[in-house]
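Written out below as structure tokens is the structure these notes cover.
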Amino acid sequence: MKTSTDTAIGKIHGINGPVLRVAHERDTRDFFMSERVRVGEQSFAGEVISLRGGPSSDIAVVQVYEDTAGLKPGQEVRGTGHPLSVRLAPGLVGHIFDGIGRRLDGAYSDEKKWPIQMLVKPGDELHLYRIPVQVAETPSITYKAMLPPGVRGTVISCVPDGDYTAEEPLLEIKTPDGIRVFCLAQHQPVRVPRPVRRRLPLTRSLITGQRVIDSLFPIAKGGVAAIPGGFGTGKSITQHQLAKWCDADLIVYIGCGERGNEMAEVLEDFSRLTDPRTGASLMARTVLIANTSDMPVAAREASIYTGIAIAECYRDMGYHVAVMADSTSRWAEALRELSGRMDELPAEEGYPAYLASRLSEFYERAGYAENLNGSEGSITIVGAVSPQGADFSEPVTQNTKRFVHCFWALDRRLAYARHFPAIDWMASYSDYAEDLIRGEHAENRRRMLAILHEESRILETVKLTGTESLPESQRTVLSKAKIIRETFLQQNAYDPVDTFTLPYKQAEMMKGLL
């Protein structure tokens, strides 16, 4: 009769880059999907991504989040019994992490003490995601520690206000399953969305200060947007501007496959810049997830899930979170590479057949919600797309368009003409505009877009006949459109006045121009 231990153990059977085939030892418990594992003598971090049964043994396919140099067949793989998770505790904001949530700017200090404020007392009834403890994490963010999912009960005892580490017991809770001890540090599976009580309509604008966005193609808090564009069109700069100036409470910036110097620039700029909302450093409300192009490809695939899991945690605290994913194309390339190493049948351009479902799973974790603890929060996702050769018909861009409601297409000709943001008003759209822009502002938006579209139509004629043959009315349209483009749509990110424009000022500018 088979007897199982509490630990799943296997031996490496084959190695293909970051993908391992692991033969399961029969006298141990089985591996399970998404289980985090330790690989080899170095205890490399990995995750079970496929299970394949056979007549003589079971094979687990494991993706390793580190360089597999030095691994060899026969080495041991041990399951941890837990899914791939991110550690949730004070100390996330203001720091930089890798694709699976490990600090890159210094290790966690288990000895660091946090000044906690206790919000409950013995005898209090605690329900789902109730917040019993809060900590001033940064000058901008208060970390509100929540009960783990599914936990409810009565407070038996609690510590007084004071300084405690993230691992120290703070509460004893009597639950239907027994006594539970509560501390600041918890672990959240990254691939499992956190539940909400209900989703709310998207009726509040995410103010970005960028005129072409706020006035022509706005995005709602809880909405989703894509920024597609070829090399050099300003995708990263546009996301940097949104991260600096949007009115979200917290920014989660995911550098997925980006160049290392770009992530270094983000870290340096955000540390140096002053948050206009609070006067503190911009890093005091920013979490950076960095998986640069030279880091393991498997961790690139996991990085967007790590980022969105952190965002959901702060949403449940009642914050409005903006997630910048730069870029989903490189994430899809990692998905394609891993799929190829697993011998899966490729679909269009070699991407796996489940590309669309993975994109939808990511973007659907955005939204404006009433949380289980009664607070309201939102997650807004802005994903950059890097189509090769600026070809918007390639699979990642086309599948992304199916799931986003705001499309800010960047045009190479505008970028080369030094027109920034290089958002093409002919190819861009926003499904949120009707709900977010009303009254006179909506009419001015309609008139401005009509002039820009008329200019585009006239320019097609100019290519054939030249401007000399145009009637005076059409020349007037071209002059109007030029004024709109150069004075309203174009902004200088390095000018302290022009880099950000308040909504009321945008409305007055539109009214004055028209």
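The values are calculated or read from the model by the stated rules, or taken from the named source; none is laboratory data. Please read these numbers as outputs of a predicted model, since none were measured by experiment. No Cβ is skipped: glycine too gets one built from the backbone with ideal geometry, and neighbour counts run over all protein chains shown. Quick note on the areas: whole protein, heavy atoms, side chains included, nothing else; ligands and nucleic acids left out. Shrake-Rupley method; radii C 1.70, N 1.55, O 1.52, S 1.80 Å.
I need the full set of residues from region 9-30 which are modelled with pLDDT of 90 or more, open to solvent by 20 Å² or more (accessible area, probe 1.4 Å) and closer than 27 Å to Q188 by Cβ, in order please.
Answer for region 9-30, where residues must be modelled with pLDDT of 90 or more, open to solvent by 20 Å² or more (accessible area, probe 1.4 Å) and closer than 27 Å to Q188 by Cβ: just I9.
Among the residues of region 189-200 satisfying the criterion of being out of contact with any helix residue (DSSP H, G or I) (no Cβ under 8 Å at 6 or more places or on another chain) and open to solvent by 70 Å² or more (accessible area, probe 1.4 Å), which is nearest to Y504 (Cα to Cα)?
R199
Quick check on region 403-427: of everything there that is of a type in the set (D, E, K, R) and assigned to a helix (DSSP H, G or I), which residue is surrounded by the most Cβ atoms within 10 Å (Cβ to Cβ)? Talk me through it step by step, then tell me what you get.
At the first step, the residues of region 403-427 found to be of a type in the set (D, E, K, R) are 411-413, 418, 424.
Narrowing further to those that are assigned to a helix (DSSP H, G or I): 412-413.
On the way: R412: 16, R413: 10.
Looking at residues that are of a type in the set (D, E, K, R) and assigned to a helix (DSSP H, G or I), I get R412.
Taking region 48-94, which residues are assigned to a loop (DSSP other than H, G, I, E, B), of a type outside the set (D, E, K, R) and either open to solvent by 50 Å² or more (accessible area, probe 1.4 Å) or without any contact (Cβ under 8 Å) to a residue 40 or more places away in the chain (or both)? Show your work before the answer.
Here is the first cut: in region 48-94, the ones assigned to a loop (DSSP other than H, G, I, E, B) are 53-58, 65-75, 84, 89-94.
Filter once more, so that each one left must be of a type outside the set (D, E, K, R): 53-57, 65, 68-71, 73-75, 84, 89-94.
Those that are assigned to a loop (DSSP other than H, G, I, E, B), of a type outside the set (D, E, K, R) and either open to solvent by 50 Å² or more (accessible area, probe 1.4 Å) or without any contact (Cβ under 8 Å) to a residue 40 or more places away in the chain (or both): G53, G54, P55, S56, S57, A69, G70, P73.
Which condition does N492 not pass, out of (1) in a helix (DSSP H, G or I); (2) surrounded by fewer than 19 Cβ atoms within 10 Å (Cβ to Cβ), if it passes all the others?
(1)
For region 258-272, enumerate the residues that are part of a loop (DSSP other than H, G, I, E, B) and under 26 Å from C313 (Cα atoms). Outline the logic, then answer.
Here is the first cut: in region 258-272, the ones part of a loop (DSSP other than H, G, I, E, B) are 258-259.
Residue satisfying the conditions is E258 alone.
What's the total number of residues in region 324-352 that are among the polar types (S, T, N, Q), under 22 Å from the mean Cα position of the chain (by Cα) and either in a strand (DSSP E or B) or modelled with pLDDT of 90 or more (or both)?
Taking region 324-352 as the starting set, the residues that turn out to be among the polar types (S, T, N, Q) are 327-329, 339.
Add one more test, that the residue is under 22 Å from the mean Cα position of the chain (by Cα), and what stays is 327-329.
Next cut, either in a strand (DSSP E or B) or modelled with pLDDT of 90 or more (or both) only: 328-329.
The number of residues fulfilling the criteria is 2.
With the requirement that a residue be touching a Lys or Arg at 6+ places or on another chain (Cβ under 6 Å) and surrounded by 18 or more Cβ atoms within 10 Å (Cβ to Cβ), what does region 495-514 give you?
So in region 495-514, the residues touching a Lys or Arg at 6+ places or on another chain (Cβ under 6 Å) come out as 501, 506, 514.
Within region 495-514, T501, Q506 qualify.
So is T292 surrounded by fewer than 23 Cβ atoms within 10 Å (Cβ to Cβ) and within 17 Å of the chain's Cα centre (by Cα) or not?
Details: surrounded by fewer than 23 Cβ atoms within 10 Å (Cβ to Cβ): yes; within 17 Å of the chain's Cα centre (by Cα): yes.
So T292 passes the test.
Out of (1) crowded, with 16+ Cβ neighbours inside 10 Å; (2) more than 18 Å from L359 (Cα to Cα), the odd one out for E443 is which?
Going through (1) crowded, with 16+ Cβ neighbours inside 10 Å; (2) more than 18 Å from L359 (Cα to Cα) one by one, E443 breaks only (1).
Can you find, within region 372-383, the residue that is surrounded by the fewest Cβ atoms within 10 Å (Cβ to Cβ) among those that are farther than 12 Å from H320 by Cβ and at pLDDT below 95?
First, pick out the residues of region 372-383 that are farther than 12 Å from H320 by Cβ: 372-374, 381-383.
When the remaining residues are screened for being at pLDDT below 95, the result is 372-374.
Working: L372: 19, N373: 19, G374: 13.
Once the filter is applied, the top-ranked residue is G374.
Take region 110-133 and flag every residue that is assigned to a strand (DSSP E or B) and surrounded by 19 or more Cβ atoms within 10 Å (Cβ to Cβ). Steps first, answer last, please.
If we filter region 110-133 for residues that are assigned to a strand (DSSP E or B), which is where we start, we get 113-118, 125-126, 133.
Of everything in region 110-133, those that are assigned to a strand (DSSP E or B) and surrounded by 19 or more Cβ atoms within 10 Å (Cβ to Cβ) turn out to be W114, I116, L126, V133.
Go through region 203-257 and report how many residues are hydroxyl-bearing (S, T, Y), in a loop (DSSP other than H, G, I, E, B) and open to solvent by less than 10 Å² (accessible area, probe 1.4 Å).
Taking region 203-257 as the starting set, the residues that turn out to be hydroxyl-bearing (S, T, Y) are 203, 205, 208, 215, 233, 236, 238, 253.
Next cut, in a loop (DSSP other than H, G, I, E, B) only: 203, 208, 233.
Restricting the remaining residues to those that are open to solvent by less than 10 Å² (accessible area, probe 1.4 Å) gives 208, 233.
Matching residues across region 203-257 total 2.
Determine if region 286-304 includes at least one residue that is touching a residue at least 12 places away in the same chain (Cβ under 8 Å), of a type in the set (V, I, T) and in a loop (DSSP other than H, G, I, E, B). Steps first, answer last, please.
Restricting attention to region 286-304, the residues satisfying the condition of being touching a residue at least 12 places away in the same chain (Cβ under 8 Å) are 286-304.
Among the residues that remain, those that are also of a type in the set (V, I, T) are: 286-287, 289, 292, 297, 304.
Next, from what is left, pick out any that are in a loop (DSSP other than H, G, I, E, B): 292.
Among the residues of region 286-304, at least one is touching a residue at least 12 places away in the same chain (Cβ under 8 Å), of a type in the set (V, I, T) and in a loop (DSSP other than H, G, I, E, B), which makes the answer yes.
In region 428-440, which residues are hydroxyl-bearing (S, T, Y) and part of a loop (DSSP other than H, G, I, E, B)?
Pass one, region 428-440, residues hydroxyl-bearing (S, T, Y): 428-430, 432.
Those that are hydroxyl-bearing (S, T, Y) and part of a loop (DSSP other than H, G, I, E, B): S428, Y432.
Look through region 134-156, keep the residues that are in contact (Cβ under 8 Å) with a residue 60 or more places away in the chain and either in a loop (DSSP other than H, G, I, E, B) or among the basic types (K, R) (or both), and return whichever of them is surrounded by the fewest Cβ atoms within 10 Å (Cβ to Cβ).
Across region 134-156, the extreme among qualifying residues is P139.
Only residues that are open to solvent by less than 10 Å² (accessible area, probe 1.4 Å) and assigned to a strand (DSSP E or B): list them for region 308-323, please. It would help to see each step written out before you state the result.
Going residue by residue through region 308-323, those that are open to solvent by less than 10 Å² (accessible area, probe 1.4 Å) are 308-314, 316-317, 321-323.
V321, A322, V323 - these are the residues of region 308-323 that are open to solvent by less than 10 Å² (accessible area, probe 1.4 Å) and assigned to a strand (DSSP E or B).
Six or more apart or on different chains, Cβ under 7 Å: which pairs go from a residue in region 157-181 that's in the same structural domain as M118 (by TED's automatic domain parsing) to one that's part of a loop (DSSP other than H, G, I, E, B) and small (G, A, S)? Could you list them?
So the pair list comes out as A166/A89; A166/A185; E167/A185.
Among the residues of region 163-188, which ones are loosely packed, with under 12 Cβ neighbours inside 10 Å, of a type outside the set (A, V, I, L, M, F, W, C) and not in a loop (DSSP other than H, G, I, E, B)?
D163, G178
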